[in-house]
Amino acid sequence: MTESNRQRQASELVLLQSMYPTEFTWRSSPPTDPYSPELDSDTGDAAFSISFDSSYTLEISLPRDYPSHARPKVYLACGGEVETLHRKEARSAVQDLVESLDVGVEALDLLVTGFAELLPELLRERGRAVDTYAAGMHEPKSQKNSAEPKIKRVVIWSHHLLSTSKRRDILAWSRELHLRGFSRPGHPGAVFAEGEEDAVDEFVRRLKELRWQALQVRDEVVVEARVLGSGDGRGVEEVEGIGDVVEGLKGRDGCAEMFLKAMRIARAD
């Protein structure tokens, strides 16, 4: 990140905190003085959240090349009461908002203002979804469960994963998106991630936006439940070798076998 970008980010963050003192929460380590426009150049990407309602929270991180060459990275975290279909619609609306922002200029104020204007419609839509759900409370259990968030597992292969910035992004984004799993840097690079289906899709989308010599989604599957732990913000774990990934996945609903097959490695029992 250039010093100019760092300074511009810091100035924006000071402004946001003054405008939204109760809605703003740091997710990364805050500056020593949160109200002073200084960000430590040794820290990772600045990350914070804006919440106007318990059902919807904007989780925002600022890439090192924002605002000069990139937009903010934004994920809409939804409360457990928001059903899967509406989550996808709401996140799509927020993504449209992000993509409408101009690159090269400070955009956080526009982003948060746009979200605040979008929120009433999201709440109205959620209210209609809740009413529909309540009307169907006596449906068979199998039909009601179909509205619950689905879990996706994905195996991502790359020709190599050496860049410290990419490794840092993988860890930061997985925490932001409440994923669990493992990341193995080196030749080849490998990531096994598990989380809510739309969160995993967003993770993959972000990775594909980076520059790679070669990057492939080798396998993916949608299942009913997590087996790698809750999405508590710990993210994926970076390990040294392919064997460490396999060891961490053993006995987890066939995850080790899925990973080995996707990486085209014969299993050695």
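The values are calculated or read from the model by the stated rules, or taken from the named source; none is laboratory data. Remember, predicted model here, so these are calculated numbers, not experimental data. Heads up, the Cβs are rebuilt from the backbone with ideal geometry, glycines too, and the neighbour counts pull from every protein chain shown. Keep in mind that these areas ignore ligands, DNA and RNA; they rest on the heavy atoms of the full protein, side chains included. Shrake-Rupley method; radii C 1.70, N 1.55, O 1.52, S 1.80 Å.
Note on Lys73: accessible area is roughly 30 Å² with a 1.4 Å probe, heavy atoms of protein only. Using the Cβ-Cβ distance between Glu237 and Ser29 with R0 = 25 Å, the FRET efficiency computed as 1/(1 + (r/R0)^6) comes to roughly 0.80. The charge dipole of the stretch 176-268, taken about its Cα centre with unit charges on the Cβ of Lys, Arg, Asp and Glu (plus for the first two, minus for the last two), comes to roughly 460 debye.
Using heavy atoms of the protein chains and a probe of 1.4 Å, the accessible area assigned to Ser29 is about 90 Å².
As a calculated quantity, the FRET efficiency between Leu119 and Lys261 at R0 = 41 Å, using C-beta atoms, amounts to about 0.40. Would you mind telling me the antiparallel percentage of the DSSP bridges in the stretch 158-269, rounded to 5? Once the DSSP bridges in the stretch 158-269 are tallied, antiparallel ones form about 75 percent.
To the nearest 10, the accessible area of Tyr66 is 0 Å² with a 1.4 Å probe. Counted residue by residue at 0.36 nm each, then reduced by the alpha carbon distance between them, the extension gain from Asp53 to Leu210 reaches 53.3 nm. Please give the Cα centre distance for the stretch 188-237 versus the stretch 41-99, rounded to the nearest Å. The stretch 188-237 and the stretch 41-99 have Cα centres spaced 17 Å from each other.
Of the heavy-atom accessible surface of the stretch 142-251 (probe 1.4 angstrom), what whole percent is carbon and sulfur? So the carbon and sulfur contribution to the accessible surface is 46 percent. With a Förster radius of 22 Å applied to the C-beta separation of Asp102 and Asp65, the computed FRET efficiency comes to 0.90.
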